[in-house]
Amino acid sequence: MQKSTLTCFLTANNKKYKYVIEKNHNESTYIECKAANLAQEFLNEDLPNVIFSLPALILVNKKESKKKEVIRFRVSSEEKKIIQKKALERGYSTLSAFMKNLLIMD
């Protein structure tokens, strides 16, 4: 059987992450997602559960990295309200997550 590879993307916390699916055998498929720290072969019947779990694995993997630096800046109360409104509109639960994802786009 010839190997077939499919490159896919998923979104977690408004950021896109790449994962690769490679069918090696009739019974199993290899999945690699660097953001989730996953590179493993799975039974075909388990693929939907694995793919469904990838966003949660990515978020857990990201939280495990230590955060050592703090950035602070001053804004007026009106500016803060505007920033909070935009963060809520875009689905963020914290200003910190909103600002990081806004400023650190790949």
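Laboratory data are not the source of any read-out in this text; all were calculated from the coordinates shown. This one's a predicted model, so the numbers in the text were calculated from it and none came from an experiment. Every residue, glycine as well, gets a Cβ built from its backbone with ideal geometry; the counts of neighbours run over all protein chains shown.
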- prompt: Any idea how far apart residue 75 and residue 62 come out in nm if each label point goes 7 Å out from Cα toward Cβ?
  reply: 1.9
- prompt: For the chain, with only Lys/Arg (+1) and Asp/Glu (-1) charged at the beta-carbon, what is the dipole magnitude about the Cα centre, in debye rounded to 20?
  reply: 900
message: Restricting to DSSP H runs of at least four residues, report the calculated mean residue ellipticity at 222 nm for the chain, -39500 (n - 2.57) per run over all residues, nearest 500 deg cm²/dmol.
response: -12000 deg cm²/dmol
- prompt: Along the charge dipole of the chain, which of 76, 51, 8 sits closest to the positive end, that is, farthest toward it, with unit charges on the beta carbon of Lys, Arg, Asp and Glu (+1, +1, -1, -1)?
  reply: 76
query: Where in the range 7-106 are there trypsin sites (Lys or Arg not before Pro) that are in a DSSP coil and have at most 16 other Cβ atoms within 10 angstrom of their Cβ?
result: 66, 67, 68, 72, 74, 90
query: From the cross-link list 18/81; 34/100; 62/85; 23/67; 3/100, which pairs have alpha carbons spaced over 27 Å apart?
result: 18/81; 23/67; 3/100
query: Working out 0.36 nm times the residue gap between residue 103 and residue 83, then minus their Cα-Cα distance, what length gain in nm do you get to one decimal?
result: 5.9 nm
